[in-house]
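Engineer: Got a structure for you, written out below as structure tokens; questions coming shortly.
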Amino acid sequence: SRTPAPISRARADELKSDEAPLEEVMPAVYKQLTDVADTLEAHYRDMQDIEFTVEDNVLYMLQTRNGKRTAAAALTIAVDMAKEGLITEEEAILRLEPAQLDQLLHPTISPNAVRDVVVKGLPASPGAAVGQVVFDSNEAAHLAEAGRAVILVRVETSPEDIHGMHAARAIVTARGGMASHAAVVARGMGRPCVCGAGSLQIDTEAGVFRVGDREIKKGEIITVDGAEGEVLFGEVEMQQPDLSGDFGLLMGWADKVRKLNVRTNAETPADVKVAKEFGAEGIGLCRTEHMFFDAERITVVRSMNLAGTKDGREAALEKLLPMQRSDFEEIFRIMGDLPCTIRLLDPPLHEFMPHTEAEMEEVAQSSGMDVKALKAQADALHESNPMLGHRGCRLGITFPEIYAMQARAIFEAAVASAKERGSKPVPEVMIPLVGTRKELDILKAVVDAEAEAVFAETGTTLDYLVGTMIELPRAALRAGQIAETAEFFSFGTNDLTQTTLGISRDDAGRFLSAYEEQGIYEKDPFVTIDQEGVGELVRTAAERGKTTRGDIKLGICGEHGGDPASVIFCHGLGLDYVSCSPYRVPIARLAAAH
């Protein structure tokens with residue numbers, strides 16, 4: 001043929017003329033071609049894409065270059081070449097970009113599928129899923145229990161939607177950025193998610209969502225492509241991930257060279273188990289508030305909120321104690337002797353209050369309150385700027401009995417696990433949103449008192465740590481003083497980015513793309529850490545913390561913990577670990593190895 005044809009060594013055996021295999025028609029040329037392919041591959045130490053021509057039985061080599069490849073092919077080629085001795089294990093690790101692993105860990109849309117794009121938003125969580133449109137979390141949970149595949153479509157999500165998000169195959173929101181509630185929770189669950197689809201107009205009363213002149217009704221089938229940030233109409237052909245032995249082998253090589261430990265952000269047994277199977281070396285963030293939104297518990301939590309006295313709150317907390325204890329027992333059972341950082345209650349109390357008329361009536365009936373009085377109480381808890389309001393350690397300062405109950409549940413669970421299974425759980429109790437050492441002093445005393453009481457009652461003593469999440473600029477600047485009390489720092493870079501840049505992560509999706517396009521921010525600062533601003537605060541806090549307490553444990557638990565560029569930045573700072581969503585654990589392991 002006079003027409004150049006690209007060829008790789010792997011495809012050489014498949015080349016044919018119009019009538020017969022090249023090997024039979026021109027055996028000498030075929031042998032020469034395969035020998036040249038071997039020589040080129042050995043020389044360049046990579047799979048080659050070759051162009052050649054044959055004229056009058058003479059082989060002419062025209063061009064060679066490193067061949068393009070999918071993530072699955074890159075994995076196979078790197079491992080095969082290392083086995084053959086063409087490259088080292090370390091080089092094999094570097095041949096696969098950490099971000100490519102997303103293609104291996106989730107279902108994806110077939111490359112040949114027809115894509116009827118309804119709306120485009122932010123690629124908030126990778127993977128793809130098919131299901132029927134649902135606008136209500138309760139309905140999503142009900143339909144999922146009946147065996148239906150559902151896609152939850154919301155203006156935005158809140159902690160009250162957790163059960164619906166668990167039930168859904170994927171999540172789509174009109175508002176929110178890459179670090180919004182929907183995005184963070186979806187990544188943790190391994191659910192595909194598209195956020196910030198601004199042209200999406202949802203009409204729940206009519207049971208439809210509209211994009212321009214197009215209308216999609218509740219119950220109609222859509223496909224969500226979280227990697228591309230696209231919502232497609234109808235059921236689109238999918239391909240499932242295939243994690244072969246090569247994946248485990250390459251990750252084992254990565255683990256041998258990396259210095260950073262990798263933990264997970266997880267609190268449900270299912271998520272904790274997935275993370276451990278993906279190689280998580282502990283829990284870096286267990287968000288206890290997610291446990292409060294269970295259908296059986298939310299009523300008790302609301303009773304606690306409505307109680308006007310300490311005695312009333314303690315009565316409700318007494319009912320919550322065994323529920324929290326059972327949660328922690330299950331986590332300690334799965335994680336064994338691995339460290340578990342458990343954050344005490346963080347969100348403002350108003351998030352647990354009923355919002356709809358039906359919910360108001362239900363709570364009023366169960367609590368014996370008048371609906372009007374209940375609404376007044378809910379209004380009293382309302383805050384103009386709740387992310388900077390009565391939340392985090394401020395709840396513990398004003399209502400120490402809440403943190404006391406949670407601390408007791410943690411230590412009772414740890415002791416029970418130690419006695420029943422012979423393991424030695426390592427609880428690391430995290431106080432959130434600390435800005436001053438005094439806040440931490442007061443709340444550490446609450447935690448220590450509960451630990452001493454439980455150890456005395458059970459006759460068992462366990463090691464534990466009390467530390468804080470650094471998520472406020474003041475905390476970063478005063479880290480040296482805070483480290484006099486804190487035994488570990490965990491950098492909550494989601495909120496630290498918000499408070500440093502003065503940008504709401506839930507609203508940033510409306511304008512950050514313009515900022516990236518104009519080069520104001522090179523990348524979305526909620527995806528890749530802003531090294532010059534937020535990163536400088538992390539560096540300052542780490543240095544000052546170590547100066548005060550040389551053995552202080554330092555980690556990062558914001559969503560940046562699963563971003564390869566941010567992981568490499570954390571390695572450079574000398575942090576002990578990064579923590580990320582379960583499905584991003586392999587990505588962080590490979591990035592740490594890089």
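Engineer: Nearest 5 is fine: what % of DSSP beta bridges in the chain come out antiparallel, could you say?
Structural biologist: Around 50 percent antiparallel, to the nearest 5.
Engineer: Quote the relative contact order of the chain in percent (integer), defining contacts as alpha-carbon pairs under 8 Å separated by 6+ residues.
Structural biologist: Relative contact order of the chain: 14 percent.
Engineer: Taking the Cβ of I109 as the center, what net charge do the other residues with Cβ under 15 Å away carry, scoring Lys and Arg +1 and Asp and Glu -1?
Structural biologist: -4
Engineer: For E362 and K419, what is the calculated FRET efficiency with R₀ set at 60 Å and r taken between the beta-carbons, to the nearest 0.05?
Structural biologist: 0.90
Engineer: Here's a follow-up. How far apart, in nm, are two points set 7 Å out from the Cα along the Cα-to-Cβ line at L501 and at E457?
Structural biologist: Output for this residue pair reads 4.5 nm.
Engineer: Please report, as a whole percent, how much of the solvent-accessible surface of the stretch 384-510 comes from carbon and sulfur atoms (probe radius 1.4 Å).
Structural biologist: So the carbon and sulfur contribution to the accessible surface is 51 percent.
Engineer: Ignoring ligands, DNA and RNA, what percent of the accessible area of the stretch 243-352 is carbon or sulfur (1.4 Å)?
Structural biologist: Answer for the stretch 243-352 is 50 percent, counting heavy atoms of protein chains only.
Engineer: Quick one: accessible area per residue over the stretch 436-594, 1.4 Å probe, rounded to a whole number of Å²?
Structural biologist: Per-residue value: 39 Å².
Engineer: Heavy-atom accessible area per residue, the stretch 308-363, 1.4 Å probe: how many Å²?
Structural biologist: On a per-residue basis, the stretch 308-363 sits at 43 Å².
Engineer: Another question, then. With an 8 Å Cα cut-off and a minimum separation of 6 or more residues, compute the relative contact order for the stretch 430-585 in percent.
Structural biologist: 23 percent
Engineer: Give the ranking of H290, H106, H382 by solvent-accessible surface, highest area first, calculated with a 1.4 Å probe.
Structural biologist: Ranking H290, H106, H382 by accessible area, largest first, yields H382, H290, H106.
Engineer: Considering only protein heavy atoms and a 1.4 Å probe, what is the carbon-and-sulfur percentage of the accessible area of the stretch 82-144?
Structural biologist: Ligands and nucleic acids excluded, carbon and sulfur reach 52 percent.
Engineer: With Cβ to Cβ distances under 14 Å as the rule, what net charge do the other residues near D441 carry (K, R +1; D, E -1)?
Structural biologist: 0
Engineer: When all protein chains stay in place, what accessible area (Å², nearest 10, 1.4 Å probe) is found for T547?
Structural biologist: 120 Å²
Engineer: Let me ask something else. For the stretch 277-337 and the stretch 436-473, what is the centre-to-centre distance using only Cα atoms, to the nearest Å?
Structural biologist: 17 Å
Engineer: Normalised by the residues of the stretch 149-263, what does the relative contact order come to in percent, with Cα pairs under 8 Å and at least six apart?
Structural biologist: It comes to 16 percent, rounded to a whole number.
The values are calculated or read from the model by the stated rules, or taken from the named source; none is laboratory data. Computed from a predicted model, the values in this text were never measured in an experiment. FYI the Cβ positions are ideal-geometry reconstructions off the backbone, even for glycines, and counts take in every protein chain you see. The area values use the complete protein model at the heavy-atom level, side chains included, leaving out ligands, DNA and RNA. Shrake-Rupley method; radii C 1.70, N 1.55, O 1.52, S 1.80 Å.
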